[in-house]
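> Take a look at this one; I'll ask things after.
Where a number appears in this text, it was derived from the coordinates with a stated rule and is not lab data. In this text, all values refer to a predicted model and were calculated from it rather than measured experimentally. Note that we place each Cβ from the backbone using ideal geometry, even for glycine, and neighbour counts take in every protein chain shown.
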Amino acid sequence: MSEPTKEGAFLARLLGEWVLTGQDDEGKPYEGRETVRTLTGVWYLVEASVETSDGPMCTVITLGYEPDHQRVAGTFITDRMPLLWNYIGELDSEHDALHLHAEGPDFFHGGTTASYRDTIQFDGPDERRFVSQVLLPSGERNPFMNVRYRRD
């Protein structure tokens, strides 16, 4: 077993039951529940069930720290698309956040790929948010999803 890391400590703060709220891209509110558990403190499983205006949605995120590469790695899947997203991430200690980077289809400009950044940011011990941004051709990041969480 490896020595504890600041990345591992950050991920451990995610453990537990959470209630989430957000808005879809049309401004319609949604809510759901999320459970975060760990596989012996090495990998973290983030499972969410959300009720949206389009019906129920499930997502699963895996996260863990890879000491040999000195980075957080993970995946994201949802029942809304047949795609496995691969994350590479790093801590932003100044903002108490974890930035997760992924490449995937450009939903805003079809037929191409885009760079995405999902950020998990703590606003206190029992509150956090998840913000998704896409990198635009101009170099700016466009936020398109903002979900708030509170510990249940």
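> Got the relative contact order for the chain handy, in percent, Cα pairs under 8 Å and 6 or more residues apart?
Numbers: 330 pairs, mean separation 25.5, N = 152.
Relative contact order here is 17 percent.
> May I pose another question? Counting other beta carbons within 10 Å of each Cβ, put Leu135, Leu84 in order, fewest first.
Leu84, Leu135
> In addition: Can you work out ³J(HN,Hα) from phi for every residue in segment 17-34, in order, using Karplus 6.51 cos²θ - 1.76 cosθ + 1.60 and θ = phi - 60°, giving whole Hz and x for Gly and Pro?
9, 10, 10, 10, 9, x, 9, 7, 5, 9, x, 7, x, 9, 8, x, 10, 9
> So who's got an amide H within less than 5 Å of the one on Tyr30, skipping anything under 5 residues away but keeping other chains? H placed 1.01 Å off N, in plane.
Under 5 Å from the amide H of Tyr30 lie the amide H atoms of Gly22, Gln23, Asp24, each far enough along the sequence or on another chain.
> For the chain, what does the alpha-carbon gyration tensor say about shape, rounded, prolate or oblate, given a ≥ b ≥ c as the root eigenvalues, a/c under 1.5 as rounded, and a/b over b/c as prolate? Don't skip to the end; give the middle numbers.
Numbers: a/c = 1.63, a/b = 1.22, b/c = 1.33.
Taking the square roots of the gyration eigenvalues as a ≥ b ≥ c, the chain is oblate.
> Might you report the magnitude of the Cβ-based charge dipole of segment 6-151 about its Cα centre, with Lys and Arg at +1 and Asp and Glu at -1, to the nearest 20 debye?
On the way: 14 positive and 24 negative charges, 48 e Å.
Charge dipole, segment 6-151, about its Cα centre: 240 debye, nearest 20.
> Moving on to the next point. Label-point separation (nm) for Glu127 and Glu31, each offset 7 Å from Cα along Cα-to-Cβ?
Label-label distance for Glu127 and Glu31, simple model: 1.7 nm.
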